[in-house]
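Reviewing the structure listed below.
The values are calculated or read from the model by the stated rules, or taken from the named source; none is laboratory data. Fair warning: this is a prediction, and the values are worked out from it, not measured in the lab. For accessibility, only protein heavy atoms count, side chains too; no ligands or nucleic acids. Shrake-Rupley method; radii C 1.70, N 1.55, O 1.52, S 1.80 Å.
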Amino acid sequence: QVQLVESGGGLVQAGGSLRLSCAASGMFFRIATMGWYRQAPGKQRELVATITGGGDENYADAVKGRFTISRDNSKNTVYLQMNSLKPEDTGVYYCLRRVPLSDSWGQGTQVTVSS
């Protein structure tokens with residue numbers, strides 16, 4: 001059974017930085033597409049960034065140039081480095097593990113950016 005455990009969220013002032021981590025258990029991490037999504041109050045969950053097993057990265061337009069996704073296959077962990085944070089980045093950030101026919105989600109970590 002896959003477990004995803006996020007950490008690193010918190011309260012930060014606008015312009016600050018945070019680094020989120022997601023530790024994954026289970027098999028097939030190396031070939032899985034890993035990603036980060038977020039959900040603000042009253043809004044739908046939205047894509048932030050993904051990284052394939054081959055290292056190809058994809059970002060939402062809203063975070064391009066500010067956020068960087070990376071992975072360490074030796075630690076079964078994916079990271080999200082968030083710089084130049086804005087109040088509109090506030091939300092619960094969820095880790096995703098995607099393999100064919102199966103998506104797994106973490107429990108989420110709160111990120112709050114104050115103005």
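May I ask you to give the solvent-accessible area per residue for region 27-77, in square angstrom, as obtained with a 1.4 angstrom probe?
I get 58 Å² per residue for this part.
ARG71's amide H: which non-local residues (gap 5+, or another chain) put their own amide H closer than 5 Å, with H modeled 1.01 Å from N in plane and none for Pro or chain starts?
For ARG71, the qualifying residues are TYR79.
Carbon-plus-sulfur fraction of the accessible area of the chain, 1.4 Å probe, in percent?
After summing per-atom areas, the C and S share lands at 48 percent.
Pick from SER102, SER84, SER25: which is most flexible by mean-square fluctuation in a GNM of the chain where alpha carbon atoms under 10 Å apart are linked?
Maximum fluctuation in the GNM of the chain, among the listed residues, is at SER102.
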